[in-house]
Amino acid sequence: MMKFFNKSFYVLTILLISLIGACSTKTDSQSQDFSYDIEPVDFDFNKIKERGYITAVVDNSATSYFIYKGQPMGYEYEMLNWLAEDLGVELKIIKDNSISSALEKVNRGEADIVAFNLTVTKERKRYVDFTNPLYFARQVLVQKKPENWREMKIHEIENELIRDPIQLTGKEVHVRKSSAFSARLANLSDEIGGDIVIIEDSSSLEVETLIKMVAEGEIDYTVADEDVAMLNATYYPIIDVKTPISFSQQIAWALRSNADSLESNINNWLEARQKETDYYVIYNKYFKNLKRSVDRSFSEFSSVQGEKLSPFDEEIKETAENIGWDWKLLAALIYQESKFDPNVESWAGAKGLMQMMVPTAREFGATNLFDPSESLSAGGNYINWLQRNFKKHVKDSVERQKFVIAAYNVGIGHMQDAIRLTKKYEGDPTKWEDNVEKYLLLKSQKKYYTDPVVKYGYCRGEEPVNYVREILERYQQYVLLLTSPEVIKKSNAPVI
């Protein structure tokens, strides 16, 4: 806690701090949430391999993980997918913007990796281990230029900005709680011999939100890693990010301290991949090609900025209400079909947002499939028809959605064949996974597509099975990034 000149002022300050819910501090440990100071579970790489998937915690940010026009993106997201593929496991993702909460999840075994722009610090290394660094970054001060900066000369702008850290004495700097920025500012206070007023905001508040608050004049200063700050400065030209407050620091992923085999495998993977061009292609995509990165990250169709997936969200929501689906599930299907392009036509002649064939579309009310409204209306009518056909057979609505999605891709006839095969071989014809899904796959084998119960012959079942899986995975991603954490917690939404 900062030193004050007399006891009464000290007491008054403590009272004010308790009222506003912020913390003015000179040491990270005095205010940091150490909920992750727990004994890590014993769950190393061999158990992860046996389980078949690795779980990573990410945050919704322009560099870690976000949705852009329906497609999941982000530096950490691409790197994690690459890692999982090379390790021979599936990737599951949890979103958590709180650093302390994410580290706690790792130690409790709810996740295996924390992957969002984490600075390696001695304090954190007491509780978790870190991989080799993915890259290095300095911490910089984020401050606002004068409102009329475009009309000012460079030296006039410079005179208005903080360039020497000693000028931060007495200034309020807002940072995310439990971040490395708080510790750095506390150390900087000691170095300059003057107190910086460190305001630790919510641990779930993203760095980019604090940067936006500086740009809009809500707060005067914050701190960010230089690469993230430069990306945001491209979008908010009124902010300045040229004042460093640290030397280069290691950015890495956090792991359980007893997961030695996992750490070794990831470090070996990093060492090999960092010698390849593809590694730097991914890095440059998000941190160097700033104009394109900004166009993606700060688009109205980016989860970083809002909750839009496409220009047709309102129409999709209306159609989803008519069919009784979460609109994000219907959006995931539409993205799979057309990537939200209303003018696309497949090699087979399917057209529009819902990629319907002309005869089917006409039957369900559409004459111009390139009209988004007609395409959505006809697609919704078709989905309702499929739902009515499956309703008596599959009572569970969530399970029924999987049958409908598969039928949307492969046709109701092949689905009925798979159901009959499931019954014949004593599976559960009301369940998708390991039952109807299994026999839809087997319809590519002669023994099964020539079976007397089969009426529609050969089917390359891998395509509809993958279609269902990919749509459900995308839907879960949409839920993670377009739904508040409170709603996700209440709904017990699954991880990816």
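The values are calculated or read from the model by the stated rules, or taken from the named source; none is laboratory data. These figures come from a predicted structure and were not determined experimentally. Methodologically, a virtual Cβ is constructed for each residue, glycine included, from the backbone with ideal geometry; neighbour enumeration extends over all protein chains shown.
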With the first residue restricted to the range 41-67 and required to be more than 20 Å from Glu104 (Cα to Cα), and the second required to be modelled with pLDDT of 90 or more and of a type in the set (S, T, N, Q), Cβ contacts under 7 Å at 6 or more apart or on different chains are Asn46/Ser261; Ile67/Gln477
Among the residues of the range 335-387, the number that are under 19 Å from Gln401 (Cα atoms) and polar (S, T, N, Q) is 6
message = With the structure loaded, tell me whether Asn381 is closer than 30 Å to Phe301 by Cα and either aromatic (Phe, Trp, Tyr) or in a helix (DSSP H, G or I) (or both) or whether it fails that test.
response = yes
Asn265 vs (1) assigned to a strand (DSSP E or B); (2) in contact with a helix residue (DSSP H, G or I) (Cβ under 9 Å, 6 or more places away or on another chain); (3) over 20 Å from Val173 (Cα atoms): all pass except (1)
Restricting the range 107-134 to residues that are outside any loop (DSSP other than H, G, I, E, B) and surrounded by fewer than 17 Cβ atoms within 10 Å (Cβ to Cβ), the one farthest from the chain's Cα centre (by Cα) turns out to be Arg126
Looking across the range 237-268 at residues that are charged (D, E, K, R) and surrounded by fewer than 20 Cβ atoms within 10 Å (Cβ to Cβ), the single one that is farthest from Gln143 (Cα to Cα) is Asp260
Sole miss for Asn97 among (1) at pLDDT below 95; (2) more than 14 Å from the chain's Cα centre (by Cα) is condition (2)
The correct count of residues that are of a type outside the set (A, V, I, L, M, F, W, C) and part of a loop (DSSP other than H, G, I, E, B) in the range 274-299 is 6
Gly380 passes all but one of the listed conditions (1) surrounded by 21 or more Cβ atoms within 10 Å (Cβ to Cβ); (2) more than 32 Å from the chain's Cα centre (by Cα); (3) of a type outside the set (Lys, Arg); (4) farther than 24 Å from Arg460 by Cβ; the exception is number (2)
Scanning the range 385-412 for residues that are of a type outside the set (A, V, I, L, M, F, W, C) and surrounded by 23 or more Cβ atoms within 10 Å (Cβ to Cβ), the one nearest to the chain's Cα centre (by Cα) turns out to be Gln401
Taking the range 64-73 and keeping residues over 15 Å from Leu118 (Cα atoms) and assigned to a loop (DSSP other than H, G, I, E, B) leaves Lys69, Gly70
Taking the range 413-441 and keeping only residues that are among the aromatic types (Phe, Trp, Tyr) and either over 18 Å from Tyr458 (Cα atoms) or out of contact with any Leu (no Cβ under 6 Å at 6 or more places or on another chain) (or both), one is left with Tyr425, Trp432
Residues of the range 395-439 being assigned to a helix (DSSP H, G or I), farther than 26 Å from Lys328 by Cα and of a type outside the set (S, T, N, Q), in sequence order, are Gly413, His414, Asp417, Ala418, Ile419, Arg420, Leu421, Lys423, Lys424, Lys438, Tyr439
Given the conditions (1) farther than 30 Å from Thr63 by Cβ; (2) assigned to a loop (DSSP other than H, G, I, E, B); (3) of a type in the set (A, V, I, L, M, F, W, C), every one holds for Phe340 apart from (1)
Condition set within 35 Å of the chain's Cα centre (by Cα) and loosely packed, with under 15 Cβ neighbours inside 10 Å, scope the range 429-462, selection farthest from Lys395 (Cα to Cα): answer is Arg460
Filter pass, Ala361 being within 26 Å of Lys438 (Cβ to Cβ), in a helix (DSSP H, G or I) and of a type outside the set (S, T, N, Q)
no
By residue number, the members of the range 288-322 that are at pLDDT 90 or above and of a type in the set (Phe, Trp, Tyr) are Phe312
Being of a type outside the set (Lys, Arg) and surrounded by 20 or more Cβ atoms within 10 Å (Cβ to Cβ) narrows Leu80, Leu87 down to just Leu80
Filtering the range 300-318 down to residues that are assigned to a loop (DSSP other than H, G, I, E, B) and either in contact (Cβ under 8 Å) with a residue 24 or more places away in the chain or surrounded by 15 or more Cβ atoms within 10 Å (Cβ to Cβ) (or both) yields Phe301, Ser303, Val304, Gln305, Glu307, Lys308, Leu309, Ser310, Pro311, Phe312
